[in-house]
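The values are calculated or read from the model by the stated rules, or taken from the named source; none is laboratory data. All values reported here derive from a predicted model rather than from experimental measurement. Don't worry about glycine lacking a Cβ; one is built from the backbone with ideal geometry, like all the others, and counts go over all protein chains shown.
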Amino acid sequence: MAEGSLTVVGTGIQLASHLTFEARVALQRAQLVLCLVAEPATRAWLERLNPNTQSLNALYELDRNRSGAYEAMTREIVRHVREGLEVCAAFYGHPAVCAAPSHEALRRVRSEGFPARMLPGVSAEDCLFADLGLDPSRWGWQSYEATDFLIRTRRVDPSAALVLWQIGTVGSGVASAEKRPIGLALLVEALLELYPPEHEVVVYEASPYPSWEPLVHPVSLSQLAEKHVTALSTLYVPPRDEAVLDHTILNRLEL
Amino acid sequence: MASESRYGPLTSFLLQLAEDEQQNRQKAIDKSDLADEDKELLSRGNFDEIRARIETEAREVGAQPWFLVRPWFRPTP
């Protein structure tokens, strides 16, 4: 009986250069690579690494709910593992971050007894730390998917940094080949309850191509508009003020 | 699923640039046999414009529209 296995990897953000050594080995050794990447050059490059590469991109249906596409991707990955293939599922960025089919496929194949693992990748947030020169431990770090942030009651700490993923599609649940930030005005409205209008935020996108500069667009919060946003933008909101020190704890720790 | 293995000259150039770990980007652009408009695009240095051109190249050889979003969405309750 054929064995079947699943390895989930991240290709990182930048074409070729962000792939870890262990992920590269997994891609080259797989009997089948199923990929979901953000632009065609990375897809072409994966085909060079392993000619048995197929894209999951075709499972998106334009203007249809994305959750249906993610279920179809999960099923496609699991189907090939059940057929006995050593499958490598490759997602751009980090395969555990904002990636439903990677987690769900792992859960399903493990529940059926197949060997399965996930290897880390370079995420957009990792690139943001480096490109904007930020240390998340300096102020503390809050990180949310933008639509999820909007639709739930969050308790934001304005003394810590805030990152909102996917502002290019905030408020949209359908598959789109271009930006669709239909909830951006609502997002700005929500943030203006926490931050002053002149608070400078940064619209950021890491470059997918080695040696090209990232998009870094500082703008005051009240001016943030669709024209500043790309389909893959992340929003960085710096802390509003310094966190208050607890002198009782400082004394008890003798710091 | 349909194969999307064909790709255009700009994509090929970027793949070669990445594989060669080319440090001098402009020198590589100047030495390439890309069309002048592609050289100009690459030299301008805006990756968003380059990506748009690469997507156009991919569609010209039969690829589907590219979906620019993380594969995650939590449906409203």
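Considered as a group, the residues in region A:146-175 that are at the interface with another protein chain (Cβ under 10 Å from one of its Cβ atoms), over 16 Å from residue A:224 (Cα atoms) and surrounded by 21 or more Cβ atoms within 10 Å (Cβ to Cβ) include one that is nearest to the chain's Cα centre (by Cα), and that residue is A:147. Could you tell me whether any residue of region A:167-177 is under 25 Å from residue A:241 (Cα atoms) and outside the structural domain of residue A:78 (by TED's automatic domain parsing)? Yes, there is a match, as at least one residue in region A:167-177 is under 25 Å from residue A:241 (Cα atoms) and outside the structural domain of residue A:78 (by TED's automatic domain parsing).
Looking only at region A:244-253, decide whether some residue is within 14 Å of chain B (Cβ to nearest Cβ), surrounded by fewer than 18 Cβ atoms within 10 Å (Cβ to Cβ), free of Cβ contacts under 8 Å to residues at least 60 places away in the same chain and not in a strand (DSSP E or B). The answer is no, given that none of the residues of region A:244-253 is within 14 Å of chain B (Cβ to nearest Cβ), surrounded by fewer than 18 Cβ atoms within 10 Å (Cβ to Cβ), free of Cβ contacts under 8 Å to residues at least 60 places away in the same chain and not in a strand (DSSP E or B). Just one of the numbered conditions (1) crowded, with 18+ Cβ neighbours inside 10 Å; (2) farther than 24 Å from residue B:51 by Cα is not true of residue A:95: (2).
No other residue among A:134, A:224 is more than 9 Å from every other protein chain (Cβ to nearest Cβ), within 19 Å of the chain's Cα centre (by Cα) and crowded, with 17+ Cβ neighbours inside 10 Å apart from A:134. Test each condition in (1) in contact with a Pro (Cβ under 8 Å, 6 or more places away or on another chain); (2) surrounded by 17 or more Cβ atoms within 10 Å (Cβ to Cβ); (3) not in a helix (DSSP H, G or I) for residue A:181 and report the one that comes out false. All conditions are met except number (1).
Go through region A:227-243 and give me each residue that's surrounded by 10 or more Cβ atoms within 10 Å (Cβ to Cβ) and not in a strand (DSSP E or B). Listed by number, the residues that qualify are A:228, A:229, A:230, A:231, A:232, A:233, A:238, A:239, A:240, A:243.
Any idea which residue in region A:189-214 is nearest to residue B:45 (Cα to Cα), counting only those that are away from every other protein chain (no Cβ under 14 Å) and β-branched (Val, Ile, Thr)? Across region A:189-214, the extreme among qualifying residues is A:202. Residues in region A:74-102 that are facing chain B (nearest Cβ under 7 Å) and aliphatic (A, V, I, L, M) were compared, and the one that is nearest to residue A:24 (Cα to Cα) is A:99.
Looking for something farther than 25 Å from residue A:144 by Cβ, surrounded by fewer than 24 Cβ atoms within 10 Å (Cβ to Cβ), of a type in the set (S, T, N, Q) and more than 19 Å from the chain's Cα centre (by Cα) - is there at least one such residue anywhere in region A:56-64? No, region A:56-64 contains no residue that is farther than 25 Å from residue A:144 by Cβ, surrounded by fewer than 24 Cβ atoms within 10 Å (Cβ to Cβ), of a type in the set (S, T, N, Q) and more than 19 Å from the chain's Cα centre (by Cα). Per the listing A:58, A:23, A:30, the residue uniquely within 9 Å of chain B (Cβ to nearest Cβ) and of a type in the set (Gly, Ala, Ser) is A:58.
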